[in-house]
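Student: Mind having a look at this structure? Questions to follow.
The values are calculated or read from the model by the stated rules, or taken from the named source; none is laboratory data. What you are looking at is a predicted structure, and each value in this text was computed from that prediction instead of being measured. No Cβ is skipped: glycine too gets one built from the backbone with ideal geometry, and neighbour counts run over all protein chains shown.
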Amino acid sequence: MRIVILSRKASLYSTRRLKEAGQQRGHEMRVIDYLRCYMNITSHRPEVIYQGHALEGVDAVIPRIGASNTFYGTAVVRQFEMMEVFPANTSQAISRSRDKLRCLQLLSRKGIGLPVTGFAHSTKDVAGLIKLVGGAPLVVKLLEGTQGIGVVLAETQQAAESVIEAFRGLEANILVQEFIAEAKGTDIRAFVLGEKVVAAMKRTAGAGEFRSNLHRGGTAETVKLTPEERSTAVRAAKAMGLRLAGVDMLRSNHGPVVMEVNSSPGLEGIEKSSRVDVASRIIEYIEVNAAPGRTHDRIES
């Protein structure tokens, strides 16, 4: 098979591992910077052009789209879909998961466990918003944030009001969520592929930090998921229409709650902590499922 990895850098761990895994299984693998692609949008013969040449004969694409490049990156994925190329994740599913508010609303509609979450526009409604999530301490999140950036823990009512008013004063869209104290600075990343969890890890925040992101100094270790946690992760990915997803959950007193569903989950932390060859699992999934006509999803959104 000819498989294209859409990634800004071939040297990134996840990109490199996917390329290696595909080559080991006998596939022709190519890494392409999606921001350098341009498209011929025409009836009957859509094209993706890279370095002056139309990309032809591609069987599947693996999108590794950065959050800051979601709009253009998903446009490239969508163009491949128009060419009947199988995407590991569809453009619509990626867009859906990147919109944190939309993501939580869809998860809520499916009855999936979530932290109590509030969203408002006016600073005049701050007191009501704080009360809605149970008061301080609470977490304030920028809708456009990623890798823990733009996530603030407000430990008092006054701090919460100040942070929310400051963000709204900058016209930033934010979510306000209850703080799950019993998680004790840890979360779980479940790697979902198709309709099953293939690997999982527990991430623990560094000293003095409540965010467990590995980019922020968190540590990772293997973890055994409960049947409820596995079911929650699979249902969350399915609600987004994602074939491949990293589902982040907290262990709360009332069961697992989903914090985020990531459409381009990194492989380094989870492969090293779980000792599962996730890259090869992804290639195997593509081998089984890649076929013309299987490019779109059918999720209501």
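Student: Do the conditions hold for Arg78, that is, is it surrounded by 18 or more Cβ atoms within 10 Å (Cβ to Cβ), touching a residue at least 60 places away in the same chain (Cβ under 8 Å) and either on the phi < 0 side of the Ramachandran plot or not assigned by TED's automatic domain parsing to the domain that holds Ser91 (or both)? Even if it seems obvious, please write down each step before you answer.
Tutor: Numbers: surrounded by 18 or more Cβ atoms within 10 Å (Cβ to Cβ): yes; touching a residue at least 60 places away in the same chain (Cβ under 8 Å): no; either on the phi < 0 side of the Ramachandran plot or not assigned by TED's automatic domain parsing to the domain that holds Ser91 (or both): yes.
In short, no.
Student: Here are some conditions: (1) over 16 Å from Val77 (Cβ atoms); (2) surrounded by fewer than 16 Cβ atoms within 10 Å (Cβ to Cβ); (3) modelled with pLDDT of 95 or more. Ser14 meets all but one. Which one does it not meet?
Tutor: (2)
Student: Yes or no: Glu260 at pLDDT 90 or above, assigned to a helix (DSSP H, G or I) and among the acidic types (Asp, Glu)? Outline the logic, then answer.
Tutor: On the way: at pLDDT 90 or above: yes; assigned to a helix (DSSP H, G or I): no; among the acidic types (Asp, Glu): yes.
So Glu260 does not fit the description; no.
Student: Show me the strands (runs of 3 or more DSSP E) found entirely inside region 1-65 where at least 1 residues are in contact with a strand residue (DSSP E or B) (Cβ under 8 Å, 6 or more places away or on another chain), within 16 Å of Glu84 (Cα to Cα) and charged (D, E, K, R). Show your work before the answer.
Tutor: Working: elements: 2-6, 28-32, 37-40, 47-50, 60-63.
Counting at least 1 such residues, we get 2-6, 47-50.
Student: Scan Val276, Val198 and give me the residue that is modelled with pLDDT of 95 or more, under 22 Å from Arg17 (Cβ atoms) and assigned to a strand (DSSP E or B). Show your work before the answer.
Tutor: Numbers: Val276 fails: assigned to a strand (DSSP E or B).
Going through Val276, Val198 in turn, the sole match is Val198.
Student: So, Ile286, is that one surrounded by 20 or more Cβ atoms within 10 Å (Cβ to Cβ) and either polar (S, T, N, Q) or more than 30 Å from Ala181 (Cβ to Cβ) (or both) or not? Before the answer, list the steps.
Tutor: On the way: surrounded by 20 or more Cβ atoms within 10 Å (Cβ to Cβ): yes; either polar (S, T, N, Q) or more than 30 Å from Ala181 (Cβ to Cβ) (or both): yes.
Judged against the criteria, Ile286 is a match.
Student: Can you list the helices (runs of 4 or more DSSP H) found entirely within region 84-147 that contain at least 1 residues being loosely packed, with under 14 Cβ neighbours inside 10 Å and not hydrophobic (A, V, I, L, M, F, W, C)?
Tutor: On the way: elements: 91-98, 100-109, 126-132.
So the answer is 100-109, 126-132.
Student: While we're looking at this one, here's another question. Just to be sure I understand the filter: pairs with C-beta atoms under 9 Å, separated by 6 or more residues or on different chains, first member in region 272-293 and within 18 Å of Arg2 (Cβ to Cβ), second member among the hydroxyl-bearing types (Ser, Thr, Tyr). Which pairs pass?
Tutor: Ala279/Ser14
Student: Would you check if Glu182 is of a type in the set (Asp, Glu), assigned to a loop (DSSP other than H, G, I, E, B) and either in contact with a strand residue (DSSP E or B) (Cβ under 7 Å, 6 or more places away or on another chain) or modelled with pLDDT under 90 (or both)? Steps first, answer last, please.
Tutor: On the way: of a type in the set (Asp, Glu): yes; assigned to a loop (DSSP other than H, G, I, E, B): no; either in contact with a strand residue (DSSP E or B) (Cβ under 7 Å, 6 or more places away or on another chain) or modelled with pLDDT under 90 (or both): yes.
Answer is no for this residue.
Student: Are any of the residues in region 90-112 touching a strand residue (DSSP E or B) at 6+ places or on another chain (Cβ under 9 Å), modelled with pLDDT of 95 or more, more than 28 Å from Ile174 (Cα to Cα) and of a type in the set (Val, Ile, Thr)?
Tutor: no
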